[in-house]
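Read the structure below first, then the notes.
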Protein chains: 2
Amino acid sequence: MTLTFGHIIDHLTKGITRLEQTVDKLEPGDPETGVQGIVTAFSASQSVIEQAIALGANLIITHEGVFYSHQPHADELEQDPVYQQKAELIACSNLGIYRFHDYLHRYTPDGIVEGLIRELGWQTYVTEHRPSVSILTIPVMKAEEIAEYLKKQLQIPYVRVAGNLTASCVKVGILVGYRGGGSSAIPLFDQESLDLIIAGEGPEWETPEYIRDAARQGRDKALIMLGHAESEAPGMKYLAEQLSAEFPDVPVHFVKDQPAFRVM
Amino acid sequence: MTLTFGHIIDHLTKGITRLEQTVDKLEPGDPETGVQGIVTAFSASQSVIEQAIALGANLIITHEGVFYSHQPHADELEQDPVYQQKAELIACSNLGIYRFHDYLHRYTPDGIVEGLIRELGWQTYVTEHRPSVSILTIPVMKAEEIAEYLKKQLQIPYVRVAGNLTASCVKVGILVGYRGGGSSAIPLFDQESLDLIIAGEGPEWETPEYIRDAARQGRDKALIMLGHAESEAPGMKYLAEQLSAEFPDVPVHFVKDQPAFRVM
């Protein structure tokens, strides 16, 4: 039996309650197409698409949207030359692209969070997985030491840090992607007695301002923002490992992009 | 006649069409209170409040919310010790705090944008002010040179940059605060033939991903994110200068906070 895009998607979503509304979708692509190879990535960027073609893969599994938006892209973008060149490459390559976002976040534990925690080697420190945060009790480290550890483990060139960097941290909350916003992150510091939150991104006038005030008041609290892609790419790397184990005859590659932002 | 908080607010909002809904509000504070001194700041952080008290000011004019949210803070925050300590300091100090956000953005040109452009010394390069973007035609500079210039002029330790940093830039769009999101920023690159956008912040999966693709396709486009506070504080500094000129008998100070984030 030929393994098809549809088989892969059924495998990825099995056991998860159907979602009435979801951004997850095979587009472009036909569920009946046979899988020649799979690339997983945080986003199906121009670079990732080119690498997928070079690797002979015909299915990209991406966490974020292809055209710079969580929801389907606006019609006005279709006149944009960057959009047009990318859309043409996708069409000519006969690639299938499966957006795998909502269902992966509904794994137990959240597949993206699990990938990050594994990449950090912190699986044994997890005390609780909740839908949008995982709480860990780690051997005591200073916030600035944790920042260096994160950079090394995730092989990322920088992180953004706020609060008291010499705070001794034991209770740590991890919130991937855009979950670093105030309504998600701020209440956890007090309610869960967190010393540190490690997040992807969030509005700058929310959690960072709270942490700055906390530090000014003399509290030992800190915040580390990894970047959105940097916090979620390890989940897509872990997904590639899982698919490779499940479908040993299919070439599966995780493609890590360069960070979109550099710091100057 | 004693100059009151109410007089200052009337002056700041005169000539602007009344807004049905606005976050702008004197809270706490009584419009009848006499003004002893004014501090303007991007946010009424713990540090800014302490400095206002030390300066003998009794009115803080802040652009962002006091309690880490664009909208009024959630009730659950009232149990938080950081919230409580800050709220107690504000109450004991008898400070008035005026949130001055929506009306200032409705100045012609936008008061926050004007302050940033003045701080850059780029007033003569403006070709068009629109409600959410100002378009400039500057003497040709490479994107990386502009990044260094921005750091020097704004006295900020870093910026985040994406795209082609060696791009020669002439047409530049400036979008302050959270206007760096995809729906605001992306269409401008093609429609206005922009070489560079300088913005405050925005979701990382939108404009930065677009610019990364554009650069990968060989296009000379770049994006510089200043940070939300870093893009808007100059507008509050300019406001202090204007108030000082208008009310020469009132001590007016702009207080610049340290950046909430450092980079490691």
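Some points to look at:
- ³J(HN,Hα) computed for each position of region A:18-23 - Karplus, 6.51 cos²θ - 1.76 cosθ + 1.60, integer Hz, glycine/proline x: 4, 9, 5, 10, 7, 8
- For B:D30, inter-copy separations between label points set 7 Å beyond Cα along the Cβ vector come to 7.8 nm, shortest first.
- Per-residue shielding of A:147-157, expressed as the average number of other chain Cβ atoms within 10 Å of the residue Cβ, stands at 1.
- Nm distances between copies for B:P81, ranked from closest, using label points 7 Å along Cα→Cβ: 5.8
- Residues of type lysines that A:K142 reaches as a straight line, Cα spacing below 21 Å, ignoring anything fewer than 8 places off in the same chain: A:K151, A:K152, A:K171, A:K221
- Degrees separating the helix A:143-154 axis from the principal Cα axis of chain A, which is the longest one: 20
- Magnitude of the charge dipole, region B:49-93, Cβ model with Lys/Arg +1 and Asp/Glu -1, debye to 20: 220
- Listed residues A:A57, A:A74, A:A87, most fluctuating in chain A (Gaussian network, C-alpha, under 10 Å): A:A74
- Fraction of the pair-distance distribution of region B:195-240 above 17 Å, Cα-Cα pairs, percent: 42
- In sequence order, region B:159-164 has phi-based couplings of 10, 9, 10, 9, x, 9 Hz under the Karplus curve 6.51 cos²θ - 1.76 cosθ + 1.60, θ = phi - 60°, and Gly or Pro positions carry x.
- Region A:5-106 gives an Rg/Rh value of 0.96, both radii derived from C-alpha positions and Rh following Kirkwood.
- Close amide H contacts of B:T40 (hydrogens built in the peptide plane, cut-off under 5 Å, sequence separation of 5 or more or a different chain): B:I61, B:H253, B:F254, B:V255.
- For B:H7, inter-copy label distances in nm, listed shortest first [label point 7 Å out on the Cα-Cβ vector]: 8.2
- The order of A:C169, B:C92, going from fewest to most other C-beta atoms within 10 Å of their C-beta, is B:C92, A:C169.
- Rg over Rh for the protein assembly as shown works out to 1.00, both radii taken from alpha-carbon positions and Rh defined as the Kirkwood radius.
- For region B:108-158: span of alpha carbons on each principal axis (Å, largest first): 29, 22, 17
- Principal axis box of region B:115-228, alpha-carbon based, largest edge first, Å: 33, 28, 24
- The helix-only estimate of mean residue ellipticity at 222 nm for chain B, built from DSSP H runs of length n ≥ 4 each weighted as -39500 (n - 2.57), is -11000 deg cm²/dmol after division by the residue total.
- Neighbouring Cβ atoms from other chains, within 10 Å of the Cβ of residues in B:199-207, number 6 on average.
- 19 Å Cα-Cα reach of B:K25 towards lysines, excluding residues that sit fewer than 8 places from it in its own chain: B:K14, B:K86
- Inter-chain Cβ neighbour count for A:251-264, averaged per residue, equals 5 (cutoff 10 Å, partner chain atoms only).
- GNM top mover of A:E88, A:E114, A:E76 - chain A, alpha-carbon springs below 10 Å: A:E76
- Loop-resident sites, region A:1-45, for trypsin sites (Lys or Arg not before Pro), counting at most 13 other Cβ within 10 Å (DSSP): A:K14, A:R18
- By the compact-protein rule of thumb, 2.2 N^0.38 Å, the alpha-carbon radius of gyration of chain B corresponds to a ratio of 1.06.
Any read-out appearing in this document is the output of simple, stated calculations on the displayed coordinates, not a laboratory observation. Note that this is a predicted model, so its numbers are computed, not measured. Reconstructed Cβ throughout: ideal geometry from the backbone, glycine too, with neighbour counts over all protein chains shown.
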